[in-house]
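All of the numbers you see were taken from the coordinates with simple rules; none came from a lab. All values derive from a computational prediction rather than experimental measurement. Quick reminder, even Gly has a Cβ in these numbers, built from the backbone with ideal geometry, and neighbours come from all protein chains shown.
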Amino acid sequence: MDPLQRVQAVIDGRLPDRPPVSLWHHFPPHQIGGPAAVAAHLDQLREYDLDFLKVMNDNPYPHAGLVGSIVDLASITELRGDEAEFQRQLDLLADLRRELRGRVLMTTTLFNAWTVLRHLIRPPSEHNPPELDAAADAPSAQIREMLAVDELAVRTAIGQIGRSLANFARRCIEAGADGIFLSVRDDWVDSPRPGVYARVVRSADLEVLEAARAGRFNMVHVCGRAVDFRSLADYPAHVINWADRAAGPSIASVKDWVKPAICAGVDNLSTLPNGTPEDVEREVADALKQAGSRPIMIAPGCTYDPAKVPAANLQAMARAAHAHVYDGEHA
C-alpha cells in the first residue's frame with residue numbers, strides 16, 4: 001500500500017499492510033511559515049518515511065493586545081479566518097499541497113477556543129511538550145476565576161473564538177488540508193469542578209469540527225489527563241490521538257468502544273527522550289498487542305522535544321511500525 005491507502009484503511013477499520021506511523025514537534029520560530037516551514041515539514045516526512053503529515057501551526061491568534069480582565073473579553077470578535085496570522089498558515093498548506101501532490105494525507109493544527117483564550121492571556125514564549133499538571137496552569141485558573149464572576153462574558157468570548165476558528169478551519173480545507181487536527185483539553189477547565197467544559201467549551205469545539213466536515217482526515221487530539229475521555233472520543237472526527245501512556249487511558253481499555261481510528265502508542269514525555277531504541281520498539285509492539293485485531297496508527301501521545309529526543313529513538317519508532325506486517329489478508 002502507499003501511505004494514503006494505508007491511512008485510509010485504518011480510518012475505515014480495515015487492516016492495512018502495516019500500521020501507519022507519524023510523529024511531530026514544534027519547529028523553531030524561523031520555520032513557522034514560508035519556505036523554511038515547507039522544508040522543515042517535508043524533511044521530517046522523508047527522513048522517517050511517515051505515512052501522514054501533521055502540519056504544525058504556531059502562528060499567534062489574530063488579536064490586538066492581551067486579555068487581562070473580564071472587560072477585555074469584549075474585544076474578542078468574530079474573525080473571517082484569513083487575517084494575516086491565519087493567512088500564513090493557509091499559504092503553508094497551499095505550498096505543501098503543491099509539493100505533496102496528494103501522496104500523503106495532511107492534517108493541520110488548530111488549538112481550541114479555551115487554549116486560544118489562554119494564549120491571549122499569556123502568550124507562550126516557546127512551544128514545548130505539554131505539562132500534565134492542569135492545576136499549575138495559571139491562565140486557565142484566571143479564566144475559571146472570570147467564569148465565577150461573569151460566566152456569560154466568558155462564554156461569549158469562547159463562542160466568538162470558536163466561530164473564528166470555524167471560519168479558519170473551513171479555509172484550511174479549501175487551501176489544501178485534508179483535515180484539521182483539533183487540540184482539546186478538558187482538565188484545564190474541569191479541575192476541580194467537572195461539567196464546565198461541557199457547558200462552556202464543547203459547543204465551540206463542535207462548531208470547528210462541523211466547519212471542517214468536508215475534510216477526510218479530521219483528527220481530535222486529547223491533550224493532558226482527560227477528565228471525560230469518553231465525551232471527547234465521541235466528537236465527530238476520523239481519528240483520535242492522545243497520550244495513552246503518559247496520561248491514559250490505555251489503548252486496550254478503549255479499543256472496543258472508541259469510534260474514531262486510534263492514533264497513539266509511544267510515550268512522548270518519557271520513553272522518547274529518556275529511553276533506548278529498544279524501549280521505543282517495545283512500546284510500538286505493545287501498542288499493537290493492546291489493539292489486537294483493531295488496526296491503529298502509531299504515533300507519540302503529543303509533541304516531543306527535538307532537543308532532548310535522540311534521532312535513533314525516532315528512527316526506532318518508524319522502523320518498528322514499518323517492520324510490522326499484519327497477519328491475514330489486508331484490504
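Sort 207-216, 132-141 by packing, meaning the average of other beta carbons within 10 Å per residue, with the highest value first.
Working: 207-216: 19.0, 132-141: 15.2.
Per-residue Cβ counts within 10 Å, averaged per peptide and sorted highest first, yield 207-216, 132-141.
Cross-link reach is defined here as a Cα-Cα straight distance under 14 Å, omitting same-chain residues fewer than 8 places apart; for K259 the aspartates and glutamates meeting it are D12, D234.
Compute, for region 3-323, the length of the dipole vector about the Cα centre, with Cβ point charges of +1 (Lys, Arg) and -1 (Asp, Glu) only. Units Debye, rounded to 20. Walk me through the numbers before you get to the answer.
Values: 34 positive and 41 negative charges, 158 e Å.
In total the dipole reaches around 760 debye.
Here each label is just a point 7 Å from Cα along the line to Cβ, and for H127 and E174 those points are 2.3 nm apart. Exposure proxy for W114, W242: other Cβ atoms within 10 Å of each Cβ, ordered fewest to most, give W114, W242. Between R216 and S231, the simple spin-label model (points 7 angstrom out along Cα→Cβ) gives 3.3 nm. For region 115-138, backbone nitrogen atoms closer than 20 Å to the point 7 Å from V71 Cα along Cα-to-C-beta are found at 120-122. Selection among V7, H63, L50 by position relative to the dipole of the chain gives V7 as farthest towards the positive end (Cβ unit charges, Cα centre). Basic side chains Lys and Arg get +1 at the Cβ, acidic Asp and Glu get -1 at the Cβ, and with that the dipole of region 170-312 about its Cα centre reaches some 360 debye. In sequence order, region 214-221 has phi-based couplings of 6, x, 10, 9, 8, 10, 10, 9 Hz under the Karplus curve 6.51 cos²θ - 1.76 cosθ + 1.60, θ = phi - 60°, and Gly or Pro positions carry x.
Applied to region 311-317, the Karplus parametrisation 6.51 cos²θ - 1.76 cosθ + 1.60 on θ = phi - 60° returns per-residue 3J(HN,Hα) values of 4, 4, 6, 5, 5, 5, 4 Hz, with x for Gly and Pro. The phi-based Karplus calculation (6.51 cos²θ - 1.76 cosθ + 1.60; θ = phi - 60°) puts the 3J(HN,Hα) values of region 223-234 at 8, x, 9, 4, 7, 9, 4, 4, 5, 5, 5, 8 Hz, whole numbers, x for Gly and Pro. If the segment from D43 to L206 were pulled out straight at 0.36 nm per residue, it would be longer than the present Cα-Cα gap by 55.4 nm. Pick out, from A138, A113, A316, the residue whose Cα sits farthest towards the positive end of the charge dipole of the chain, with +1 on the Cβ of Lys and Arg and -1 on the Cβ of Asp and Glu. Of the candidates, A113 comes out farthest on the positive side.
What's the exposure ranking of H25, H322, going from fewest to most Cβ atoms within 10 Å? Intermediate results must be reported in sequence, preceding the final value.
On the way: H25 22, H322 15.
If I rank by nearby Cβ atoms, fewest first, I get H322, H25.
Seen from every direction in turn and averaged, the convex hull around the alpha carbons of region 3-323 projects onto 14.5 nm². Amide H contacts under 5 Å for H221: L182, S183, V184, N241, restricted to partners 5 or more places along the chain or on a different chain, H placed in the peptide plane at 1.01 Å from N.
By the count of other C-beta atoms within 10 Å, a proxy for reagent exposure, T108, T276, T303 are ordered fewest to most as T276, T303, T108.
Close amide-amide hydrogen proximity is noted between V55 and T107, T108, T109, each under 5 Å apart and 5 or more residues distant or on a separate chain (H modeled in the peptide plane; Pro and chain starts excluded).
Just order 229-241, 55-67 by mean Cβ neighbour count inside 10 Å, highest at the front, would you?
On the way: 229-241: 19.6, 55-67: 17.5.
Per-residue mean Cβ counts within 10 Å order the peptides as 229-241, 55-67.
Spatially, region 278-310 and region 225-240 are offset by 19 Å when compared through their Cα centroids.
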